[in-house]
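To keep things clear, I will list the structure first and then write my remarks on it.
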Amino acid sequence: MARRTALFTLHQALGARMVDFGGWDMPLQYGSQIAEHHAVRRAAGVFDVSHMCVVDLKGAAVRPFLQRLFANDVGKLEAPGKALYGCMLNEEAGVVDDLIVYFLGEREFRAVVNAGTRDKDLAWMRRHAESFGVEVIERSDLAMLAVQGPEARRRVADLLSAAGAQRALALGTFFGAQIGDWFVSRTGYTGEDGFEIMLPPGQAEGLWRALNAAGVASCGLGARDTLRLEAGMNLYGSDMDERTNPLESGLAWTVALTPGRAFVGRQALEKASAAGLNRKLVGLVLEDRGVLRAHQRVITAAGAGEVTSGTFSPTLERSIALARVPVAASGTLQVEIRGQLHEARIVKPPFVRRGQPLVG
């Protein structure tokens, strides 16, 4: 039986179309997926992301533990609440998962990992934590909502006390803070500003309904996917996984090769880099009519590739994709859609930022 979040009954009451996602019953959409997408780009939308796994990491050696486990450098995390995005790698430099890590104190960090990799990630963390004496705590006692869009932060602040609103609105990008019962972080997966809020499950429905009453649209996984793809953000299991490394997944910026820092997968990653990459992840814009979808064959002058994620972009009103292609590929190429070849153009993601198109 699929897992359910604390908001499952509310989603049903709101008429959501429910689907299985990573072993969870989740809302795909409540009405028009395109309308939900535009609501986030133009105003504000709220998503149930309680299927994501919040993990608290505690112990005297928690920072050295994360230096070993995380391909990015947690040495950058000095101010309380500061967050960092990056990957956990296996010994072959394949991506075990991508995650966000928050610095809460020298003996306590927090991580948020993907729903579909939850059990694998917890096992991986605990395997490595043992030798550091670090406690890995799955926070199944927390729900999580994402409120995203140009008006999102103000709509959330209006529901807080004056002091809480001031603290929330003062948060810098990729910072979080405990405000009452809520951990509020200025992070997201849509390419828009906003908050992700971790809170007791019993408070989640009240917050959702209060946001709806304030004009924030209920949004499902369908809109979340089109938004993240317009923002050029990878989806684990599609754009990267344990068979790919960060360098060929457009994630080189998340790898910190700080001298002397030994993290899992570093040697294999340096070896792959020295040998020269054969593949890279690029953005595509379809020049013809049609819709780009995952696993479609890509044909370039440098060899074949594959679409990893594709969709119709409501903001651009054309089809876009991420694709893994030979490293020498450039300019235009062809994508096979239902047996027919269609012309597409390589572009640098993101496609849309803060609601503004970045590609023509």
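The values are calculated or read from the model by the stated rules, or taken from the named source; none is laboratory data. Note that the structure is predicted; figures quoted are calculated from it, not measured. Note: ideal-geometry Cβ built from the backbone for every residue, glycine included; neighbour counts use all protein chains shown.
Taking the criterion of being touching a helix residue (DSSP H, G or I) at 6+ places or on another chain (Cβ under 6 Å) and small (Gly, Ala, Ser), would at least one residue in segment 49-62 satisfy it?
Looking for residues that are touching a helix residue (DSSP H, G or I) at 6+ places or on another chain (Cβ under 6 Å) and small (Gly, Ala, Ser), one finds at least one in segment 49-62, hence yes.
Among what's in segment 120-138 and is under 24 Å from the mean Cα position of the chain (by Cα) and assigned to a strand (DSSP E or B), pick the residue that is surrounded by the fewest Cβ atoms within 10 Å (Cβ to Cβ).
Among those that are under 24 Å from the mean Cα position of the chain (by Cα) and assigned to a strand (DSSP E or B), it is Ile137.
Mind telling me which of the residues Arg289, Arg293, Arg353, Arg345 ends up being surrounded by fewer than 19 Cβ atoms within 10 Å (Cβ to Cβ), at pLDDT below 95 and touching a Ser or Thr at 6+ places or on another chain (Cβ under 9 Å)?
Answer to the check: Arg289.
Conditions tested, residue by residue: (1) aromatic (Phe, Trp, Tyr); (2) closer than 30 Å to Gly194 by Cα; (3) free of Cβ contacts under 8 Å to residues at least 40 places away in the same chain.
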site	(1), (2), (3)
Leu277	no, no, no
Arg297	no, no, yes
Ala302	no, no, yes
Thr311	no, yes, no
Arg345	no, no, no
Pro357	no, yes, no
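Counting only residues that are surrounded by fewer than 17 Cβ atoms within 10 Å (Cβ to Cβ) and acidic (Asp, Glu), which one in segment 139-169 is farthest from Leu57 (Cα to Cα)?
Taking the candidates together, the pick is Asp158.
Which condition number does Leu169 fail, the rest of (1) closer than 23 Å to Leu28 by Cβ; (2) part of a helix (DSSP H, G or I); (3) not charged (D, E, K, R) being met?
(1)
For segment 315-332, indicate whether the set of residues that are in a strand (DSSP E or B), surrounded by fewer than 16 Cβ atoms within 10 Å (Cβ to Cβ) and over 27 Å from the mean Cα position of the chain (by Cα) is non-empty.
Among the residues of segment 315-332, at least one is in a strand (DSSP E or B), surrounded by fewer than 16 Cβ atoms within 10 Å (Cβ to Cβ) and over 27 Å from the mean Cα position of the chain (by Cα), which makes the answer yes.
Find all pairs meeting these conditions: Cβ atoms under 9 angstrom apart; at least six residues apart or on different chains; first residue within segment 7-20 and without any contact (Cβ under 8 Å) to a residue 40 or more places away in the chain and more than 14 Å from Gly222 (Cα to Cα); second residue of a type in the set (Gly, Ala, Ser) and surrounded by fewer than 18 Cβ atoms within 10 Å (Cβ to Cβ).
Gly15/Gly31
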